[in-house]
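The values are calculated or read from the model by the stated rules, or taken from the named source; none is laboratory data. Keep in mind that what you see is a predicted model, and the values were worked out from it rather than measured. All Cβ positions, glycine included, derive from the backbone under ideal geometry; neighbour counts span all protein chains shown. Each accessible area value is taken on the protein alone, full model and side chains, heavy atoms only, with ligands, DNA and RNA left out. Shrake-Rupley method; radii C 1.70, N 1.55, O 1.52, S 1.80 Å.
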Amino acid sequence: MSIAKTLAIRGATLLGVLFAVLVMVAVTLGATGFSDRMLTAIVGEEVRGLRQGLAQTIRDSDELERVLQERRQQLEESYGLNREWYLRLPQMIGRVIRLDMGEARTLQSGEGSRRVTDLIRERLPRTLLLVTTATVITAIIGLLLGVKLATRVGSKTDRLVSLLAATSNALPAWWAGILLILLFAFEVRIFPSGGLYSVPPPEGGFDRLQDLLWHATLPVITLVVVSAGSWTYVVRTMVMNVAQEDFVTVARAKGLPEGVVTRRHILRVAAPPILTSLILGLASSVGGAILTETVFNWPGMGRLYYDAILSVDEAVVVALTFMFTLVYVAARLILEVLYIMVDPRVRYL
Amino acid sequence: MRGGLRDALKELLSSATGRVGVIFLIIMVGVSLYAVAANPLDFGSRLWNNPAVWADNPENVPPAWISLFGGSNRVKHSVLETSTPREVRQTPAGQESAYAFDLDYPFDEAPSFTSFSIEDVTYSSRPTTITLSVTRPDGKSLTLLRHVVPAPRPGETYPVVRYRDSPFRVYLTGDTSVAAEVSRFLQEEFFVGVQPHDLAGRVDQAIFGIPDAQAVGGFQVLKGRYRISVLARSQDPLDSIGKVRFVLGGSRYGLMGTDSTGRDLARGLLFGFPVALTIGLVTAILATAIGTATGIVSGYTGGKTDIAIQRLSDILSNIPLLPILLFLAFVLGQKLWIVMAVLIIFGWPGLTIVVRSMVLQIRSGQLVEASVALGASPRRIMARHIIPQIAPFVFAQMIFFVPAAILAEAGLSFLGLGDPSIPTWGQILDQGFRTDAVYAGYWWWILPPGILIVATALTFALIALGMERVVDPRLRMARQ
């Protein structure tokens, strides 16, 4: 199987994921009457805007009403409001893909725009900053610790770390975040309790960056704390499984130094499954970001999701559900490519 | 199949983590059974979310046991209640029933509030008149309240029953007529002029204190024995009052304190036990059952069925769960069963993929080959050779799934999408977070629900950890 074919199959699966989510979102919205309400609101908004414009030129009120009524019908036709919901599903899916979700009801971007697209464009980089930083730190901690532990399975340290891993797995990200706020923002006041920048934000690029990092510390720590434990455990188990293979014993018997055995023989073989579980772990870190951002009032996509739920802003909720899936699928694709680079077996199959 | 599971259990109990997990689980099941027995099943809608139930509780106060750690003598929350009068006198004008409570007041502060309520009043001719008064340790007494039970409505026949379904309740602390009475009392007894509206919200300081210009708030607490008297006058000897109640609002409450609406957090947390266990176990069992069944079918039958199941589970297991869960709970409504259904629908595919690969491995083994040669039916092979071999693994996966489901529900509740009719630990935390209990330092509201969530998830994680050696025999070898 060539790389291209492998990638094509993976890509097709991920496209299937995207499509399944879209169809599910569209069907749920349609069948529950949500989309009717959303579209009616959009049409109502446009007609209201039109009325203000036309009121200047058309003086006769009957004439005005007639024009507006005509326009409303046109709009309803173009949005498909006059058809059953399942007949306009393709159109609906198209709108979601183009992120053409109209305007948020109350939520605004920093510059005051209420367009959902603007909102997401502003929030997405902030979420990515948080999640990628945390994932990289988690991956490094997990690799270093896990490999070390795998060589002493069953020891006291190993059992302690297993226990800590179980605890960190059982720790909800948001509650860990709250604890960190209580501890580091209110008891020992060394970190801010939330937000992106201090109020008012410091002037100058470098000071601003420093302020941003200072605010990002606690959220990143939270994300790392809740995922590092179980990840260390995964690495340890994978490495341990490989370490018990015969070829490792042979390598040791040959008198190779332990470092070489670990790097060349164990890690080389254990890398693909480790990468796989990192890929799978991404799903939970996307979810973790929603909760962590909410707790730390970090104005990324997760906090936006929370605010959209609180203010019952359908357009934003739908757009974000799609965006979260999209971000996840994109990250998966990147890791799939990495996977092929790490595992020669996939290439030469 | 039984053999495999029995070995698994033995293995589980032989590890320390497994034993601890099992003990925790037994405790949790016990607490859950007690919670279900002690509370109605519609606890959420009937009690927890009904403000009337919690009206007589102090708001945002820490647990009672905190007094053990010293500090000044804070007011203990007391509910004084009776349904039998101390004395019934027959007078020319009719009948007088006297109810009384004796109250020791050794505290260093005024109560956080006081309230008075009566329930279930019956009268047969003249409406009952009720008077509430307080006699203080210094011998002075004051009348706080006079109330005439509403007269019969046109067309209503005697005997008239009042306040049966909803009691007559007066929040004395914020009542203007009480403030006027207290103002008059201060003028007459202490020659201190305080306007009634200046007393609003703090009449308790005056009732349970003496005016003192030096003291904070203008009153010094008067310690000693108080008597709260309630006098009910009516005409007919058959007239009655169901219940008389006087509440002294404390600044400590119960085992776990209260939240911002006065709810007893201990009761909410207690009811969270069976809810969490149900969410975790039901979801885990169903998802595991579906995952195992589809995995076996997929691995054993092969062909188109196999491809179809594998594609479907590939897609489902790749969908990020929380955003979808949020979306569905948002659109379909906040129902617990919807949440559980979503967790099951997106939970089984992961197991299917693994079970299938295990089945493929076993199927190509000599054991199955020999059975086929002996003429065993596919059903017999599945029941006798395949299921027993994967049973311990599947069981361990089920245990792993429980905390995942509990944590997912808790996260959803924390985002405000919990089922409002069923209180969960996540919801209690959500309310605490939204009402800024975190920033106000109400630790008794924030810490316990989180600790319980972690403890529950950890219980199952420990059991799963104890089963590690069952699932992965290589670890057993490593130990030897």
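Say whether the condition of being under 21 Å from A:G302 (Cα atoms), in a loop (DSSP other than H, G, I, E, B), within 10 Å of chain B (Cβ to nearest Cβ) and open to solvent by 20 Å² or more (accessible area, probe 1.4 Å) is met by at least one residue in region A:176-185.
The answer is no; no qualifying residue exists.
Return the pair list, or none, for Cβ contacts closer than 6 Å from residues in region B:297-320 that are more than 8 Å from every other protein chain (Cβ to nearest Cβ) to residues that are open to solvent by 40 Å² or more (accessible area, probe 1.4 Å), at least 6 apart or on different chains.
Hits for this filter: B:S298/B:R356; B:G299/B:R356; B:G299/B:L360; B:S313/B:I353.
When region B:106-119 is examined, which residues are found to be open to solvent by 40 Å² or more (accessible area, probe 1.4 Å), in contact with a Lys or Arg (Cβ under 8 Å, 6 or more places away or on another chain) and either among the polar types (S, T, N, Q) or outside any loop (DSSP other than H, G, I, E, B) (or both)?
Step one: of region B:106-119, the residues open to solvent by 40 Å² or more (accessible area, probe 1.4 Å) are B:106, B:108-109, B:112, B:119.
In the following step, the residues that additionally are in contact with a Lys or Arg (Cβ under 8 Å, 6 or more places away or on another chain) were identified as B:106, B:108-109, B:119.
Across region B:106-119, the qualifying residue is only B:E119.
Scan region B:40-61 for residues that are touching a residue at least 12 places away in the same chain (Cβ under 8 Å), part of a loop (DSSP other than H, G, I, E, B) and within 25 Å of B:G250 (Cα to Cα) and report the count.
Qualifying residue count for the region: 8.
Within region A:103-112, identify whether any single residue is assigned to a helix (DSSP H, G or I) and open to solvent by 40 Å² or more (accessible area, probe 1.4 Å), and answer yes or no.
Checked region A:103-112: no residue is assigned to a helix (DSSP H, G or I) and open to solvent by 40 Å² or more (accessible area, probe 1.4 Å).
Which fully enclosed helices (runs of 4 or more DSSP H) of region A:1-79 have 1 or more residues being of a type in the set (F, W, Y) and surrounded by fewer than 16 Cβ atoms within 10 Å (Cβ to Cβ)?
A:3-31
Looking at region B:356-444, what helices (runs of 4 or more DSSP H) fall wholly within it and have at least 3 residues that are over 26 Å from B:E468 (Cβ atoms) and touching a residue at least 40 places away in the same chain (Cβ under 8 Å)?
Output list reads B:425-434.
Can you list residue pairs whose Cβ atoms sit under 9 Å apart, with the first residue in region A:127-156 being within 14 Å of chain B (Cβ to nearest Cβ) and the second being acidic (D, E)? Count only pairs 6 or more apart in sequence or on different chains.
What qualifies is A:T127/A:E293; A:L149/A:D158; A:A150/A:D158; A:T151/A:E258; A:R152/A:D158.
Within region B:161-184, identify whether any single residue is polar (S, T, N, Q), buried (at least 16 other Cβ atoms within 10 Å of the Cβ) and free of Cβ contacts under 8 Å to residues at least 40 places away in the same chain, and answer yes or no.
Yes, the conditions are met somewhere in region B:161-184.
Can you pull out the residues in region B:351-376 that are surrounded by fewer than 19 Cβ atoms within 10 Å (Cβ to Cβ) and touching a Gly at 6+ places or on another chain (Cβ under 6 Å)?
Selection gives B:L360 alone.
Do you know which residues across region B:449-466 are farther than 16 Å from A:A173 by Cα and more than 9 Å from chain A (Cβ to nearest Cβ)?
We begin by selecting, within region B:449-466, every residue farther than 16 Å from A:A173 by Cα; these are B:459-466.
Listed by number, the residues that qualify are B:I463, B:G466.
Out of all the residues in region A:250-272, is one or more within 13 Å of another protein chain (Cβ to nearest Cβ), out of contact with any His (no Cβ under 7 Å at 6 or more places or on another chain) and closer than 24 Å to A:K148 by Cβ?
Within region A:250-272, not a single residue is within 13 Å of another protein chain (Cβ to nearest Cβ), out of contact with any His (no Cβ under 7 Å at 6 or more places or on another chain) and closer than 24 Å to A:K148 by Cβ.
Check region B:335-350 and report whether any residue there is open to solvent by 30 Å² or more (accessible area, probe 1.4 Å), within 7 Å of chain A (Cβ to nearest Cβ) and not basic (K, R).
no
I'd like to check something: does region A:75-98 contain any residue that is over 24 Å from A:A31 (Cα atoms) and of a type in the set (D, E, K, R)?
Restricting attention to region A:75-98, the residues satisfying the condition of being over 24 Å from A:A31 (Cα atoms) are none.
Taking every residue of region A:75-98 in turn, none turns out to be over 24 Å from A:A31 (Cα atoms) and of a type in the set (D, E, K, R).
Against the definition (surrounded by fewer than 16 Cβ atoms within 10 Å (Cβ to Cβ) and either on the phi < 0 side of the Ramachandran plot or in a helix (DSSP H, G or I) (or both)), how does B:L462 come out, yes or no?
So B:L462 does not fit the description; no.
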